[in-house]
Amino acid sequence: MAQPIHLTDDTYDEVVLKSDIPVLIDFWATWCGPCRMIAPIVEELAVEYEGKIKVCKLDVDNNQKVAMMYGIRSIPTVVIIKNGEEVDRILGAVPKQHFVERIKNHI
């Protein structure tokens, strides 16, 4: 069963920029309540879209380089990247259907 990939500043280039499929990154932190609310949704998306989109999580407290690169100011923020470029951004804890609709635009 697919699980979200736990990204770091060091693995970002390999996992995201070299990906041949779109990548969804959930920018989160352990202390963030809304982040914990969407965590099960992110895990479900990893399973449901396996092979169509890479689902990743990036802890902003431990990986500030990538978070700063994307100008993350509030969490949770979910960014969809295609061919190395940001194509969509979802802010806050939203229902699963909102993620599904946005993902479908990019696969």
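Values as computed for the structure displayed
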item: Options 29, 93, 46: the member that is hydrophobic (A, V, I, L, M, F, W, C) and touching an Asp or Glu at 6+ places or on another chain (Cβ under 9 Å); result: 29
item: Qualifying position, being in contact with a Lys or Arg (Cβ under 7 Å, 6 or more places away or on another chain) and of a type in the set (D, E, K, R), among 59, 13, 20, 26; result: 26
item: Looking only at region 69-107, and only at residues there that are of a type in the set (A, V, I, L, M, F, W, C), closer than 21 Å to residue 33 by Cα and out of contact with any Lys or Arg (no Cβ under 8 Å at 6 or more places or on another chain), the one that is surrounded by the fewest Cβ atoms within 10 Å (Cβ to Cβ); result: 91
item: Of all residues making up region 9-58, the number that are among the polar types (S, T, N, Q) and surrounded by fewer than 14 Cβ atoms within 10 Å (Cβ to Cβ); result: 1
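Here's the yes/no breakdown for (1) over 17 Å from residue 106 (Cα atoms); (2) touching a strand residue (DSSP E or B) at 6+ places or on another chain (Cβ under 7 Å):
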position: 20; (1), (2): no, no
position: 25; (1), (2): no, yes
position: 61; (1), (2): yes, no
position: 66; (1), (2): yes, yes
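We did not get these values from a lab; they are worked out from the coordinates using the rules stated. What you are looking at is a predicted structure, and each value in this text was computed from that prediction instead of being measured. Heads up, the Cβs are rebuilt from the backbone with ideal geometry, glycines too, and the neighbour counts pull from every protein chain shown.
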